[in-house]
Amino acid sequence: MFELNTIIRPNIKSLKPYSSARDEFKGEASVYLDANENAFGSPLSTNYHRYPDPMAYAVKMRLSEIKGVPARNIFLGNGSDEAIDILFRSFCNPGVDNVIIVPPTYGMYEVSANINDVEIKRINLTEEYQLNLEGIAEAIDKNTKLIFICSPNNPTGNSINREDIETLLANFNGIVVVDEAYINFSRQKTFIQELTEYANLVVLQTLSKAWGLAALRVGMAFASEEIIEVFNRVKPPYNINEASQQLALEALQNVEKINNWIKEILKERDTLVLALKSFDFVIDIYPSDANFILVKTADADGIYKYLTEQGIIVRNRNKIKLCEGCLRITVGTFEENQALINSLKKLKND
Ligand SMILES: *Cc1c(COP(=O)(O)O)cnc(C)c1O
C-alpha cells in the first residue's frame, strides 16, 4: 500500500515553510507597507514593484479549466525542471535513497539526482523503447522513492505502453512520475485524469513545448492534494515571477491557436519523415508522438557536423545507449524543414 507519509523526507515533514508577507496578509488593502517593496513603482512601463502571488492562483485557475483538474491538484514550477528537483528534495534522502530511470530518456532526471546526491538505478528500455517491467521490479528496494517515465519519451519520441505504467502505479509503493512534456502532440491519453485512481502518481507537463512559452519558464505538476501541499512547502516562495504569471495567463486564452499549430506541426512532421526516408544514409525513422523525430543514420557525427556548418542545428544522440547513429530533429516551420532537406540533398550529391 502506498502511504505518502512514509516516503516524505523527515526534515520536510517537520519543515516550517517560509511565511512571506503575501502569505500572512491575503486580502485587499489600500496601503501595503509590509514587504519592503519600492512603493514609488518600477522604472518600466508595466509595474513590477509588488511581489507576485506565491501560488500563481490565477494561472492555476485557467489551467484548471483547460485541463479539467482542480487547482488544488496543480503545482507550478519555474519550468517542469523545478518540479523534478522538488520531487528529489521532498522525497529522497541524500546518500540513502535511490530512484529508477529508464534510459534512453530525458537527461534532467539524472542531473537532478546527482545534484541531490541520490543514487540512480538505470533499467534500459527494451529494443522497442518500452519498459522492462521485470528489470524495474528487480531493481526496486526499500529505498527506491521515485520512478521516472517520460511519455512520449525524449529522445525516442514514442509513447510508453499505458498498461505498463498502470502496472507500476498499482504495485510500486513510491512515486511514479509520468513526464508528459510532449503530450499535446500525442494521440495517447494523458494520465492527469487518473489522479483520483492513484495516490502515487505525479504527472509533469509544461508550457515550454506545444504552448510556445519556453522562455517564460512555467511547468506543471499534477498530483494529489497532499503531494501538491508538500511541493508548495518546499518551493521557493515566489518561484513564478509576475511577468511569467501575467504572460502565461494571457497566452492561455489562445487554446485554438495552439491546437491549430499542433495540427500544422504534425503535418510538417509527416512531410519531414517522408522526405528523410528518401536518403540512403537514413537507416530508420522511429515512430513519433512528439514534435521531434529520432532518425537513425549511417554517420550521425558526420551529418551533424555538416549540418552545423550549414547553420542548421539538430541534436546528436549518437553517444547515447540504444540511440547509436541517431540524430534527434525538432519539427520546425515549413521553411526550416525545407532548409534541412535541401542541405541534406547537397550532402547526398557531394
Ligand atoms: C523539455 C522537457 C522538459 C522541461 O520542461 P521545462 O518546463 O521547460 O523545464 C521536461 N521533460 C521533458 C521530457 C522535456 O523534454
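Brief remarks on what is shown
- Protection-proxy order for peptides 36-44, 217-225, 325-333, each taking the mean of Cβ atoms within 10 Å per residue, highest first: 217-225, 325-333, 36-44
- Approximate shape of region 183-340 as ellipsoid semi-axes (Cα gyration tensor, √5λ), whole Å, largest first: 34, 19, 17
- Calculated P(r) tail over 16 Å for region 256-349, as whole % of Cα pairs: 53
- Packing-based order for 18-27, 265-274, using average beta carbon neighbours within 10 Å, highest first: 265-274, 18-27
- Label point at THR271 placed 7 Å out along Cα→Cβ; residues across region 322-350 whose backbone nitrogen lies under 11 Å: 332-339
- Cα-centre dipole for the chain with unit charges at Cβ (Lys and Arg positive, Asp and Glu negative), debye to 20: 420
- Efficiency of FRET between THR46 and THR333 - r from beta-carbon atoms, R0 25 angstrom, step 0.05: 0.25
- Unit charges at the beta carbon, dipole of region 150-277: most positive-side option, CYS150, ILE192, GLY212: GLY212
- The GluC sites (Glu not before Pro) of region 137-198 meeting both criteria, a DSSP state outside H, G, I, E and B (loop) and at most 11 other C-beta atoms within 10 angstrom of the site's C-beta, are GLU197.
- Farthest towards the positive end of the charge dipole of the chain, among the residues VAL102, ILE115, SER278, is the Cα of SER278, using unit charges on the Cβ of Lys, Arg, Asp and Glu.
- The residue among ILE227, SER30, LEU307 whose Cα reaches farthest toward the positive pole of the charge dipole of the chain, with charges on the beta-carbon of Lys, Arg, Asp and Glu, is LEU307.
- For the chain, the spread of Cα positions along the three principal axes, ordered from largest to smallest, is 71, 55, 33 Å.
Just so you know, all these numbers are worked out from the coordinates, no wet-lab data involved. Keep in mind the model is a prediction, meaning the values are calculated, not measured. Note that each Cβ is placed from the backbone with ideal geometry, even for glycine, and that neighbours are counted across all protein chains shown.
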